[in-house]
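Heads up, the thing below is written out as structure tokens.
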Amino acid sequence: MLTMQNIKTHYFFTDSDALLLRELRPMAEGHQDRMVDEFYDYLLGIPETATLLKDSVTLQHLKETLKKWFIDLFSGTYDNQYLLTLQRVGLAHVRVGLNAHFVNAAMNVVRRFVIELLQEHYPNIQERRKFRNAAEKIIDINLDILSASYQEEELKKVFLSRSLESKLIKAAERFTYGLNLILVIALAGVSLGVVALFVWDILHIFRGDVEKGILGALGTLLIIWMMIELMDNEIKTLKGGKFNILVFIGVIIVALIREILISTLRHDMLETQIFLAGTLLILGIVYFLVSKSQQERT
Ligand code: HEM
């Protein structure tokens, strides 16, 4: 946080500059009404600023506050209290939604007014130059402090949106983590069911239905194998790894192979078997294409 002393040092503003400005005070007081009229005539001529000033009561009040600001420009005292007052003025502009551009443009009006006044009052160029230098410095310092309010407000907005963004991302990450955890638990439950199915298929063999038992058990084993792959994939995702779509296509393929085995045993219609084989072929092609594109990327 800059102090008024820091700011003055950065602008090479010295005590003699302060004394020179103090010397100009009577001149400023004598022309304050003209300066305020010119300032507001200028702002009333711009539609964007005129709308902010449409209320005549407010305008009268603003003229008074601007007069005070103008006289204070030549007070000769530029301490931290002065800095605070200017910061308050800056914030008042940010609050009413005034574009910073107009503050810069209005300050240019003030600058030109002061330079013209100096030309009128100090015909000697050497004398005028030292007053002008001091006046330019204090005007620049004022503009700096008024503009800083805008930058600070912008920064606040950026920090607010950043922290909101990161909170949202964290919440979404936790939610996805929770979902993945539920998925792993569900997969473990389903795997137990598939193991039971395998036992059931083996029982068929002992009951004499060897063909059905062997083919069924083979299909179920394929599913158990894919379940392991699925869970492994999910655990990797939980540990921060990448989601692998191939595993899911593989699961569908295995489920389809099992269905084909059962369909053969059931002696299903030829159309059904052709449909299953066709679907298997398409899935096989998809699997091949996806794994090829994954290999190309790595
Ligand atoms: C050199 C540039 C400017 C200076 C030095 C200046 C000065 C001031 C001052 C001293 C105040 C009183 C702040 C307070 O209540 O503490 C003020 C308020 C205000 N100024 Fe300016 N002003 C400038 C530019 C502008 C411009 C370009 C507009 C455009 C319309 C504007 C509109 C206003 C308004 C609407 C308020 C009242 C804010 C409120 O309701 O709190 N000012 N200004």
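On a per residue basis, the chain carries 63 Å² of accessible surface, using protein heavy atoms and a 1.4 Å probe.
Rolling a 1.4 Å probe across all protein chains gives residue 75 an accessible area of roughly 30 Å². Taking all Cα pairs closer than 8 Å and separated by 6 or more residues, the relative contact order of segment 146-298 comes to 18 percent.
If you take the Cα centroid of segment 13-85 and the Cα centroid of segment 201-222, the two points sit 96 Å apart. Alpha-carbon geometry of segment 31-119: the Rg and the Dmax are 13.2, 36 Å, given in that order. The alpha carbons of segment 129-248 occupy a box of 115, 20, 16 Å along the principal axes, longest dimension given first.
So if R0 is 22 Å, what FRET efficiency would residue 144 and residue 37 give, r being the distance between their Cβ atoms, rounded to the nearest 0.05?
Taking R0 as 22 Å, the efficiency between residue 144 and residue 37 is 0.25.
By the Stokes-Einstein formula, at 0.890 mPa s and 25 °C, segment 4-163 with its Kirkwood radius over alpha-carbon pairs has D equal to 147 µm²/s.
Packing, as the average of other Cβ atoms within 10 Å across residues, places the peptides 99-106, 188-195 in the order 99-106, 188-195, highest first.
Let's see if you can work this out: charge +1 on each Lys and Arg Cβ, -1 on each Asp and Glu Cβ, no other charges. What is the dipole magnitude of segment 133-248 about its Cα centre, in debye to the nearest 20?
On the way: 12 positive and 14 negative charges, 72 e Å.
Its charge dipole is roughly 340 debye.
Against the chain, whose longest principal axis comes from its Cα atoms, helix 245-266 is set at around 20 degrees. Spin-label pair residue 154-residue 166: with each label point 7 Å from Cα along the Cα-Cβ axis, the two points sit 2.2 nm from one another. For the listed residue pairs 68/130; 8/130; 167/236; 8/68; 167/239; 63/157, the alpha carbons are over 28 angstrom apart in 63/157. Over the residues of the chain, the helix contribution to mean residue ellipticity at 222 nm works out to -30500 deg cm²/dmol, using -39500 (n - 2.57) for each DSSP H run of at least 4. So the label point goes 7 Å from the Cα of residue 112 along Cα→C-beta, right? Which residues of segment 40-79 then have their backbone N under 12 Å from it? So the set is 42-43.
Values of log10 I(q)/I(0) for segment 238-295 across q = 0.21 Å⁻¹ run -0.80, by the Debye formula with one identical scatterer at each alpha carbon and no solvent.
For segment 171-225, the relative contact order works out to 30 percent when only alpha carbon pairs closer than 8 Å and six or more residues apart are counted. Cβ-Cβ distance of residue 179 and residue 50, R₀ of 51 Å, FRET efficiency by 1/(1 + (r/R0)^6): the value works out to about 0.35. With only Cα atoms counted, the chain has Rg and Dmax values of 40.3, 123 Å. Using Cβ point charges alone (K and R +1, D and E -1), the dipole size of the chain about the Cα centre works out to roughly 420 debye. Dipole size of segment 207-297 about its Cα centre, with +1 on Lys/Arg Cβ and -1 on Asp/Glu Cβ: approximately 300 debye, rounded to the nearest 20.
The values are calculated or read from the model by the stated rules, or taken from the named source; none is laboratory data. Since we're looking at a predicted model, the values are computed, not measured. Cβ: placed from backbone, ideal geometry, glycine included. Neighbour counts: every protein chain shown. Ligands, DNA and RNA are stripped out before the accessible areas are found, and what is left, the full protein with its side chains, is counted by its heavy atoms. Shrake-Rupley method; radii C 1.70, N 1.55, O 1.52, S 1.80 Å.
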